[in-house]
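Input: a single structure, listed below in structure tokens.
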Amino acid sequence: MKRRLGRLLMVTGVCASLAVSPIVAFASESESEVVVADSVQEQIQPRVNWSGTAYLAAKQWCNVTSSNNLFPDSPKVTNDASNPCSIKVRIVNEAGAVVGKEKEVEVGKSVTMDQIPALSGTYTLQAYSEKAGNFTISID
């Protein structure tokens, strides 16, 4: 039983490594020689990706969206060109403490927020406007 389980785990591990690692073979000068190059050029950058409309009350911080971050993230926030005015944005953690610096986003422009540490729990993007209304905001 242990031997079968060991073989199964070995075969599963080999299959998983082949599925993840691309293998490229090149023709060689002699028929008996095979040159194999193994390379992984995949970069994983998981991030918040949200776009929508949020109602912002005048002159108060309003929650726009929240996310659990397993990886470090520096979200890019865009204030849509159709919005009536510039907005201020900030990120707060679960305790309500501001993470990084508050930034102003002009109409039709984007800013990149300061980095949010990995595994730091849920964080929320908040926005502030001088005028009340619906604002189209994108977070990438």
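A short reminder: the numbers here are calculations on the coordinates, not readings from a lab. Treat the numbers as computed from the prediction; the structure is a model and nothing was measured. Because the Cβ atoms are built from the backbone with ideal geometry, glycine has one as well, and the counts that use them run over all protein chains shown.
What is the Å³ per residue value for the convex hull set by the Cα atoms of the stretch 83-123? The partial results should precede the final answer.
Numbers: hull volume 3.1 nm³, N = 41.
For the stretch 83-123, the hull spanned by Cα atoms encloses 76 Å³ per residue.
So who's got an amide H within less than 5 Å of the one on V105, skipping anything under 5 residues away but keeping other chains? H placed 1.01 Å off N, in plane.
Sorted by chain and number, the residues that satisfy this are I87, K88, V89.
Each residue of the stretch 70-85 in order: what ³J(HN,Hα) in whole Hz does its phi give by Karplus 6.51 cos²θ - 1.76 cosθ + 1.60, θ = phi - 60°, with x for Gly and Pro?
8, 10, x, 9, 10, x, 9, 10, 10, 9, 4, 5, 7, 6, x, 6
Can you give me the distance in nm between label points at Q115 and K59, each placed 7 Å from the Cα along the Cα-to-Cβ direction?
Label at Q115, label at K59, 3.8 nm between them.
Please report, to two decimal places, log10 I(q)/I(0) for the stretch 66-140 at q = 0.12, 0.13, 0.22, 0.27 Å⁻¹ as given by the Debye formula with identical point scatterers on the Cα atoms and no solvent.
For the stretch 66-140 at q = 0.12, 0.13, 0.22, 0.27 Å⁻¹, log10 I(q)/I(0) is -0.31, -0.36, -0.94, -1.25.
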